[in-house]
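Undergrad: Below you'll find the structure I mean.
The values are calculated or read from the model by the stated rules, or taken from the named source; none is laboratory data. All figures in this text were calculated on a predicted structure; none of them were measured in a lab. As a convention, Cβ positions derive from the backbone with ideal geometry for all residues, glycine included, and neighbour counts pool all protein chains shown.
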Amino acid sequence: MSGHSKWAKIRRSKGATDQKRGTAFSKLAKEIQMAVKAGGANPDANLRLKNILLKAKEISMPADTIKRAINKGTGAEDSALIEEVTYEGYGPSGVAFLVEALTDNRNRTGPEIRSVFAKHNGNLAESGAVAFLFEKRGQVFVRKEAAAEDALMGVVLDAGADDLTTGKDGQYEILTSPETFHAVLKALEAAKIAVDSAELTRIPKTQVALDEKKAGQVLALYDALDEMEDSQNVYANFEIGEEVLAKLDR
């Protein structure tokens, strides 16, 4: 697992227990709204929505907040028009950043993201500048106690998964193509194997190794972008060793 992936998991875990929960709820509400608009309000028929509701459960998102987001998606409640926008740029040490945003005003969001890059010794780039450095993949995590490795491997590979690896943090990591992601989730559900987390993500094809000093600079930019209310997902192609990452787990 890359340093970026591990840091993203640390950030999500910390976000569920600190003062940033409000921002996390707002971001997920936008995701729920977009998912409902695209595929309807029934999570059994809308796997994108089902996955987002799983994330909402992980951070104890209030039921009323979820219901309002669903109502906005169906049109039962008025809401501003939200659009998906992707921003690309470079951070310290030439690390590539890709930011997926949901915004009701791109004329506000773009300059705000540009400012964050500039404040952290980075720069916003043109569309297409770094996107080719990332591959869109499905990423599913299952706790080791949820299934035996051989049984799990049989289920996910038969459903079209690309790979299954075991990590040091008590989880299996399953990688899929975007096309087989939902089929793998359905297979796990049918086999009654509990999923810890699941998402469509972007995995870097190449990585930039960072020492402690450079890692601190890059993670400061990552955190600043991640904390923006309009940013939904932040991807970067950095790699940080376990010892350095442990020191930076603040």
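Undergrad: When you look at THR103, is it in contact (Cβ under 8 Å) with a residue 40 or more places away in the chain and either farther than 20 Å from ASP223 by Cβ or touching a Ser or Thr at 6+ places or on another chain (Cβ under 9 Å) (or both), yes or no?
TA: Working: in contact (Cβ under 8 Å) with a residue 40 or more places away in the chain: yes; either farther than 20 Å from ASP223 by Cβ or touching a Ser or Thr at 6+ places or on another chain (Cβ under 9 Å) (or both): yes.
Yes, satisfied.
Undergrad: From GLU83, GLU58, which residue is over 22 Å from ASN237 (Cβ atoms) and modelled with pLDDT under 90?
TA: Working: GLU83 fails: modelled with pLDDT under 90.
Result: GLU58 is the single residue among GLU83, GLU58 that is over 22 Å from ASN237 (Cβ atoms) and modelled with pLDDT under 90.
Undergrad: Out of (1) out of contact with any Ser or Thr (no Cβ under 8 Å at 6 or more places or on another chain); (2) touching a residue at least 12 places away in the same chain (Cβ under 8 Å); (3) at negative phi, the odd one out for GLY170 is which?
TA: Looking at each condition in turn, GLY170 falls short on (3).
Undergrad: Give ASP230, ASP196 a once-over and let me know the one that is surrounded by fewer than 21 Cβ atoms within 10 Å (Cβ to Cβ) and either in contact with a strand residue (DSSP E or B) (Cβ under 9 Å, 6 or more places away or on another chain) or among the polar types (S, T, N, Q) (or both).
TA: None of the others qualify; the one that does is ASP196.
Undergrad: Something else: Examine segment 35-43 for a residue that is small (Gly, Ala, Ser), assigned by TED's automatic domain parsing to the domain that holds LEU124 and surrounded by 18 or more Cβ atoms within 10 Å (Cβ to Cβ), and state whether such a residue exists. Please lay out each step first, then the result.
TA: Of segment 35-43, the ones small (Gly, Ala, Ser) are 35, 38-41.
Now restrict to residues that are assigned by TED's automatic domain parsing to the domain that holds LEU124: none.
No.
Undergrad: Tally the residues that are in a strand (DSSP E or B), farther than 23 Å from PRO111 by Cα and hydroxyl-bearing (Ser, Thr, Tyr), restricting the search to segment 195-240.
TA: Initial filter on segment 195-240 (in a strand (DSSP E or B)): 197-204, 208-210, 231-236, 238-240.
Within this subset, residues satisfying the condition of being farther than 23 Å from PRO111 by Cα are 197-204, 208-210, 238-240.
Add one more test, that the residue is hydroxyl-bearing (Ser, Thr, Tyr), and what stays is 197, 201.
Qualifying residue count, segment 195-240: 2.
Undergrad: Answer yes or no as to whether ASP78 is out of contact with any helix residue (DSSP H, G or I) (no Cβ under 7 Å at 6 or more places or on another chain), modelled with pLDDT of 90 or more and among the acidic types (Asp, Glu). Even if it seems obvious, please write down each step before you answer.
TA: On the way: out of contact with any helix residue (DSSP H, G or I) (no Cβ under 7 Å at 6 or more places or on another chain): yes; modelled with pLDDT of 90 or more: no; among the acidic types (Asp, Glu): yes.
No.
Undergrad: Which residue out of ALA101, ALA56, ALA76, ALA96 is buried (at least 18 other Cβ atoms within 10 Å of the Cβ) and more than 23 Å from GLY128 (Cβ to Cβ)? Before you say what the answer is, go through the steps one by one.
TA: Numbers: ALA101 fails: more than 23 Å from GLY128 (Cβ to Cβ); ALA76 fails: buried (at least 18 other Cβ atoms within 10 Å of the Cβ); ALA96 fails: more than 23 Å from GLY128 (Cβ to Cβ).
Going through ALA101, ALA56, ALA76, ALA96 in turn, the sole match is ALA56.
Undergrad: Could you tell me whether any residue of segment 16-28 is modelled with pLDDT of 85 or more, over 24 Å from LEU219 (Cβ atoms), in a helix (DSSP H, G or I) and of a type in the set (A, V, I, L, M)?
TA: Looking for residues that are modelled with pLDDT of 85 or more, over 24 Å from LEU219 (Cβ atoms), in a helix (DSSP H, G or I) and of a type in the set (A, V, I, L, M), one finds none in segment 16-28, hence no.
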